[in-house]
Every structure is written in C-alpha cells, then in structure tokens.
C-alpha cells in the first residue's frame, strides 16, 4: 500500500469504515488539493530518510475534503460527495451513497437489507487514532437520511457486502500505517501525522 492510498485509507476509514480507496490521477488544481499533494509527497519522501524527520505533518479538513473530491481518489463504487469533519478523536463523514451500485449482483431476502437500497445521504461517525504504527477505527454510528441504522443491520450489511471485497474492514478496523507513520491524531478539523 503506497502513502497516497494509506493517507486516504486512513481518512476514509476514519470516516467511512467501509472501503479502501484507490489513487487515480488528479486533474484538480485548487490550492487545497495542491497543498495536500505536497504533504503526501513529503510524507512519502520522508519515509525514505534514515531516520525520517519526526516533525508533525498536519492534514487539514479542507485539504483532505478537496483532495478526496477532486478526482485524485477513486472512491468506492456508489460513493460520491464525501465531506469529512474532524473533532478530537472523532471523524464524521457525510456522503451520498447509491446502495444499488454497492449491492449490485447480490440478492437477499433478509428484510434488514431493505434499508440499503436507492440513493441516500449517509452520515458515519467514528472514533479513530493511530499509534505505534497501527491505525484504529471504530464505527460509532451510521445514519441514512437522518435515521440511525440499527447496529445489527449495519453489521449484517458489512458482513454481506463489504467483507467479501475487503475482509479487513468491519465495525472495528485496525491496519498497519505505511511509510514509517508512527502516529495519527485526529484534532479539530485536522489529522496530525508523525513519522519515526
């Protein structure tokens, strides 16, 4: 996993906890996107230093949101217009999700899955942090069009549609941060990353 993917995985897992993004070529040139690109390049090149510079790198909410929505990231199929909001230890994501695209090719008679059809506004609240090279994300709650999804329905959806493609993702996700990233702390409208 390269640093671009990892940074965006962390950002999306902090918010979505559902799928791994894949990097694509950015065509946007906004100052926020350019700033995010420079920071990602710095983190990538700093990882090659021995030892790396442990000066914190701060990824702002505006930079991450601009970058994710610029075309620089191939969002999971059916996910659009992602907007992240950071508070100390907490990331909330709001996005438009076309559940029919996510569940395409799958059928179920389980009535719990009726919640997951059509195009809806989804809000995902998580607790997240990174320490000693590992990122930890816990999905606290998910709401669809303002209505909280029962935990049992959410777990069933993740098991049925997400885990077959990404078995490492669930209500609680842990993953190794790449490129010598030792810690990631979610603060007010930012994530601070330290490499060691």
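The values are calculated or read from the model by the stated rules, or taken from the named source; none is laboratory data. Computed from a predicted structure; not experimentally measured. Reconstructed Cβ throughout: ideal geometry from the backbone, glycine too, with neighbour counts over all protein chains shown.
Suppose we keep only residues that are part of a helix (DSSP H, G or I) and in contact (Cβ under 8 Å) with a residue 40 or more places away in the chain within the stretch 55-92. Which one would you say is surrounded by the most Cβ atoms within 10 Å (Cβ to Cβ)?
64
Select from the stretch 143-165 the residues that are exposed (fewer than 15 other Cβ atoms within 10 Å of the Cβ) and out of contact with any strand residue (DSSP E or B) (no Cβ under 8 Å at 6 or more places or on another chain) and write down the one among them that is nearest to residue 121 (Cα to Cα).
Among residues in the stretch 143-165 that are exposed (fewer than 15 other Cβ atoms within 10 Å of the Cβ) and out of contact with any strand residue (DSSP E or B) (no Cβ under 8 Å at 6 or more places or on another chain), the one nearest to residue 121 (Cα to Cα) is 147.
Of everything in the stretch 184-196, what is surrounded by 15 or more Cβ atoms within 10 Å (Cβ to Cβ) and over 16 Å from the mean Cα position of the chain (by Cα)? Give them in sequence order.
194, 195
Can you tell me which residues in the stretch 29-44 are surrounded by 13 or more Cβ atoms within 10 Å (Cβ to Cβ) and out of contact with any helix residue (DSSP H, G or I) (no Cβ under 6 Å at 6 or more places or on another chain)?
34, 37, 39, 42 - these are the residues of the stretch 29-44 that are surrounded by 13 or more Cβ atoms within 10 Å (Cβ to Cβ) and out of contact with any helix residue (DSSP H, G or I) (no Cβ under 6 Å at 6 or more places or on another chain).
Looking at the structure I just gave you, is residue 63 under 16 Å from the mean Cα position of the chain (by Cα), farther than 21 Å from residue 140 by Cα and modelled with pLDDT of 90 or more?
yes
Go through (1) without any contact (Cβ under 8 Å) to a residue 40 or more places away in the chain; (2) surrounded by 13 or more Cβ atoms within 10 Å (Cβ to Cβ); (3) under 18 Å from the mean Cα position of the chain (by Cα); (4) over 30 Å from residue 50 (Cα atoms) one by one and return the number of the condition residue 172 breaks.
(2)
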